[in-house]
1. Between Trp25 and Glu96, how many nm apart are label points set 7 Å from Cα along the C-beta direction?
2. How big is region 27-130 by the Kirkwood estimate over distinct Cα pairs, in Å?
3. If I model a spin label at Phe113 and Phe129 as a point 7 Å from the Cα along the Cα→Cβ vector, what separation in nanometres do I get?
Amino acid sequence: MADYGTQPAAPEARPAGAPPLVGQWSWAGFMMNWLYLIGHNVAGLGVALVIIGVVLSIIPFVNFISPLYWLAIALFVGVKGHEYAWNSGTFKTVDEFMAAQRVLNTMGKVWFFIMVVVVIIWLILLIIFGPRMMAMFGGLAGAGAPSM
């Protein structure tokens, strides 16, 4: 007879023997995705992602999906980054892996924070100076045009 009140055990998010970070979010992988892959001996995938991104960016009528592609890649490497790093064989011990990833994750978080601050400053400047800049450039565009 089956136990109806129990749930089956959830599968382990990380392979047996892997460090605790494997299966967790990688800030370094998210913020520096293709560089993170190349730095962890997954250069083929990193270079392929860059080439695909560049090609998508320069092809007319397809380049509008390029930002979505880069966002998808950032999310993918953010989720799978620690797994790729551990499977690369670069690290001899779990402690070495954990120490390196702790530094890289801190760098990724700092870079994310810097980008958020830059975007906020840019939006504030756009709100303050945007109408003036549009008027100024609108006035310059019409200045050289022949009048009728």
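Rule-based calculations on the coordinates, nothing more; no lab input. Note that the coordinates shown come from a computational prediction; the quantities given were computed from them, not determined experimentally. When we count neighbours, we look across all protein chains shown, and the Cβ atoms used for this are built from the backbone with ideal geometry, even at glycine.
1. Rounded to a tenth, the inter-label distance reads 2.9 nm.
2. Working: mean 1/r = 0.0657 Å⁻¹.
Kirkwood hydrodynamic radius for region 27-130: 15.2 Å.
3. 2.6 nm
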